[in-house]
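A short reminder: the numbers here are calculations on the coordinates, not readings from a lab. These numbers were taken from a predicted model, which means no experiment stands behind them. Backbone-built Cβ (ideal geometry, glycine too); neighbour counts: all protein chains shown.
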Amino acid sequence: MQQDLLIIFVAVWLGLSVGSFMLFQRGSDVERKRKLWPIYTICSNVVIGAVIVYMQPPLMMMLGLLAFMVPLTWLTIRSTKFCSACGNPSRSPFFMKPPTKCSHCQKPLD
Ligand SMILES: [Zn+2]
């Protein structure tokens with residue numbers, strides 16, 4: 001039973017990874033990418049949160065990790081911008097300011 005759950009987590013995780021590639025690396029529908037990015041990021045962090053709960057760490061550690069994930073999710077959403085010109089995502093490390101120009105075509109990002 002427990003092993004089944006772990007397999008489900010791995011399957012969901014792989015699905016999210018492939019989905020991310022298909023949705024955000026390919027195609028040029030920037031509006032759709034911008035709309036889906038926060039939803040995708042929140043979903044994948046909910047999966048990570050579920051894995052943490054599933055691992056059953058000590059309660060304080062679990063609460064600490066889950067509390068830490070909220071700002072991390074927000075910063076991940078904020079630090080990724082999609083270029084209006086070429087549709088490619090530009091990321092900066094989550095603890096830094098969001099990128100100001102496209103890493104692919106060097107056009108300024110808004
Ligand atoms: Zn670009």
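Taking the 0 to 90 degree range and rounding to the nearest ten, how far is the long axis of helix 30-55 tilted relative to the main principal axis of the chain, both from C-alpha atoms?
Roughly 20 degrees, rounded to the nearest 10.
Note the full-extension length gain between Thr100 and Val18 as 0.36 nm times their separation in residues minus their Cα-Cα distance, in nm to one decimal.
Details: separation 82, 0.36 × 82 = 29.52 nm, distance 2.69 nm.
Full extension from Thr100 to Val18 adds 26.8 nm.
Compute the separation of the alpha-carbon centres of segment 20-36 and segment 45-73 and state it in Å as a whole number.
If we compute the Cα centre of each part, the gap is 27 Å.
Once Lys and Arg get +1 and Asp and Glu get -1 on their Cβ, which of Phe68, Ile7, Pro38 lies farthest toward the positive end of the dipole of segment 2-91?
After comparing all options, I get Pro38.
Within segment 35-110, report the chymotrypsin sites (Phe, Trp or Tyr not before Pro) that DSSP leaves as loop and that have at most 14 other Cβ atoms within 10 Å.
Details: sites: Tyr40, Tyr54, Phe68, Trp74, Phe82, Phe94, Phe95; in loops: Phe94, Phe95.
Of the chymotrypsin sites (Phe, Trp or Tyr not before Pro), the ones in loops of segment 35-110 whose Cβ has at most 14 other Cβ atoms within 10 Å are Phe95.
Once you sort the root eigenvalues of the Cα gyration tensor of the chain as a ≥ b ≥ c, which label holds: rounded (a/c under 1.5), prolate (a/b larger than b/c) or oblate (the other case)? Don't jump to the answer; show the numbers that get you there.
On the way: a/c = 3.56, a/b = 1.74, b/c = 2.05.
It is oblate, given that a/c is not under 1.5 and a/b is not larger than b/c.
Calculated FRET efficiency, Lys35 and Val10, Cβ-Cβ r, R0 30 Å, to nearest 0.05? Kindly include the intermediate steps, with their values, before the conclusion.
Numbers: r = 28 Å, r/R0 = 0.92.
The pair Lys35/Val10 has a calculated efficiency of 0.60.
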